[in-house]
Amino acid sequence: MSQRAKRYLILAEGKSGDPHYGKTARGVLRYSPHPTVAILDSERAGETEDGIPVVGSVNDALCFDPTTALVGVATQGGRFPPAWRELLRSCVAKGLDVENGLHEFLTNDPELVELARRHGVQLRDLRRPPTDLNVPTGENLTVPATIVLTVGSDCAIGKMTVSIELDREARRRGLKSEFVPTGQTGIAIAGWGIAVDAVVSDFIAGAAERLVVEGHRRGGELLWVEGQGALQHPQYSGVTLGLYHGSAPHLLVLCHQAGQRFVNDDERFPIPPLSELVELHERAALIARPARVACIAMNTRELGEDEAKRAIEAAEEETGLPAGDPVRFGAAPLVDAVLAQV
């Protein structure tokens, strides 16, 4: 990227208030070390989001002096809607670098590449994988670190958030802890990683191995690997299993959104009881590296405080494992549960 101190304009047209399709925007707002100075969403222009002004156009954002436009939304199929082409061109023409987490790569667009060259800005496709990936070598089994993977009952329920919150709590305790990003939002926050859902299926496990090796090289003795998808998800289970086997975790943190009954809200795919999910994930571990579920991370955002506490207590009673909501009630109990298993 450019040498200027990064200041984000988050592009979230029509999705800035959506917890699912706007999750990249929300993750970066909460966790990025780089400030967000404005959010672009013409449907909410004039409002604020977490104290950040929401603007209706790129021109309206320039007074806040952004350096980088970040595509802060997910779209069906990971493609840009037609109206976004002009939005991206406008960002480049105004001298903004662009970071993109969709499956459609900006650097494959000759017109946009030439425009970026003329204006001296950079295009960064966060999901573009390295070209030299391969299958695992076995180095994942020799990494001298404790590897913890977040897994879940569904997509978009907070696996990345849990990983970051537990990493931050571990760092507060003085532990040599490292968050290992495996998706576009995590990469935007941490500045490194591989988006495993963009990797050829044969090489997902190899990509995951490379990530845990890199996490240790960065100083991590306790690695929190960002989970993807869900084993019982009808669309994304393949990514989940490849990441699970390739990262070779010692321990798992099982994430669940309190009150959710169906995968992707599809009644054909009921979410099993938490006790069954614990058993499923432990049975699916790499044969050479058995993994145990250390605790349950509950997402209680849809519940009142008393209901949230009851849901956490119910999860503990059902599974016999420590449970908590690290965002709402703090990450300390879950980190304690993990460290007790090390």
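General remarks:
- Residue match in segment 154-167 (condition: on the phi > 0 side of the Ramachandran plot, aliphatic (A, V, I, L, M) and surrounded by 16 or more Cβ atoms within 10 Å (Cβ to Cβ)): yes
- Put simply, of A61, A38, A5 the only residue that is over 16 Å from the mean Cα position of the chain (by Cα), more than 28 Å from C155 (Cβ to Cβ) and in a loop (DSSP other than H, G, I, E, B) is A5.
This table checks each residue for (1) within 20 Å of G27 (Cβ to Cβ); (2) over 22 Å from the mean Cα position of the chain (by Cα); (3) not acidic (D, E).
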position	(1), (2), (3)
V54	yes, yes, yes
G72	yes, no, yes
E86	no, yes, no
D97	yes, no, no
H103	yes, no, yes
D132	no, yes, no
P136	no, yes, yes
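- If you go through segment 211-257 and keep only what is over 30 Å from E267 (Cβ atoms), hydrophobic (A, V, I, L, M, F, W, C) and assigned to a helix (DSSP H, G or I), you end up with L211, V212, V213.
Listed here are the residues, each with its yes/no results for (1) closer than 16 Å to V225 by Cα; (2) surrounded by 15 or more Cβ atoms within 10 Å (Cβ to Cβ); (3) within 22 Å of the chain's Cα centre (by Cα).
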residue	(1), (2), (3)
P249	yes, yes, yes
D265	no, no, yes
P273	no, no, no
V278	no, yes, yes
C295	yes, yes, yes
T319	no, yes, no
R328	no, yes, yes
L339	yes, yes, no
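- Any chance T150 is out of contact with any helix residue (DSSP H, G or I) (no Cβ under 6 Å at 6 or more places or on another chain) and either modelled with pLDDT of 95 or more or farther than 30 Å from A340 by Cβ (or both): no
- Note on segment 108-133: residues that are of a type in the set (D, E), closer than 18 Å to F203 by Cβ and either in a loop (DSSP other than H, G, I, E, B) or out of contact with any strand residue (DSSP E or B) (no Cβ under 9 Å at 6 or more places or on another chain) (or both) total 1.
- Residue tally, condition of a type in the set (G, A, S) and part of a helix (DSSP H, G or I), over segment 41-58: 1
- Which numbered condition V225 misses (of (1) open to solvent by less than 10 Å² (accessible area, probe 1.4 Å); (2) among the β-branched types (V, I, T); (3) touching a Lys or Arg at 6+ places or on another chain (Cβ under 8 Å)): (3)
- The residues of segment 172-199 that are within 23 Å of R289 (Cβ to Cβ), assigned to a loop (DSSP other than H, G, I, E, B) and among the aliphatic types (A, V, I, L, M), listed by number, are L175, I194, V199.
- Answer residue from segment 1-18, given it is modelled with pLDDT under 95 and either hydroxyl-bearing (S, T, Y) or open to solvent by 60 Å² or more (accessible area, probe 1.4 Å) (or both) and is farthest from G56 (Cα to Cα) among those: Q3
- Subset of segment 70-107 (residues that are outside any helix (DSSP H, G or I), touching a helix residue (DSSP H, G or I) at 6+ places or on another chain (Cβ under 8 Å) and basic (K, R)): K94
- Residue satisfying all of: in segment 95-114; in contact with an Asp or Glu (Cβ under 9 Å, 6 or more places away or on another chain) and open to solvent by less than 30 Å² (accessible area, probe 1.4 Å); farthest from G186 (Cα to Cα) among these: L106
- Flag if P181 is under 22 Å from Y8 (Cα atoms) and not β-branched (V, I, T): yes
- Of all the numbered requirements in (1) touching a Leu at 6+ places or on another chain (Cβ under 8 Å); (2) within 15 Å of G246 (Cβ to Cβ), N140 misses one, and that requirement is (1).
- Pairs linking a residue in segment 139-168 that is more than 30 Å from E302 (Cα to Cα) and in contact (Cβ under 8 Å) with a residue 12 or more places away in the chain to a residue that is assigned to a helix (DSSP H, G or I) and open to solvent by 20 Å² or more (accessible area, probe 1.4 Å), with Cβ atoms under 6 Å and 6 or more positions apart or on different chains, are V143/H216; A145/H216.
- Against the criterion of being hydroxyl-bearing (S, T, Y) and more than 19 Å from the chain's Cα centre (by Cα), T150 does not qualify.
- Residue check for V92: closer than 20 Å to L40 by Cα, among the hydrophobic types (A, V, I, L, M, F, W, C) and buried (at least 23 other Cβ atoms within 10 Å of the Cβ): yes
- Some residue of segment 252-274 being closer than 25 Å to P144 by Cα, at pLDDT 95 or above and of a type in the set (F, W, Y): no
The values are calculated or read from the model by the stated rules, or taken from the named source; none is laboratory data. None of the values given here were measured: they were computed from a predicted structure. So basically every Cβ, Gly included, is an ideal-geometry build from the backbone, and we count neighbours across all protein chains shown. Accessible surface areas use protein heavy atoms only, side chains included; no ligands, DNA or RNA. Shrake-Rupley method; radii C 1.70, N 1.55, O 1.52, S 1.80 Å.
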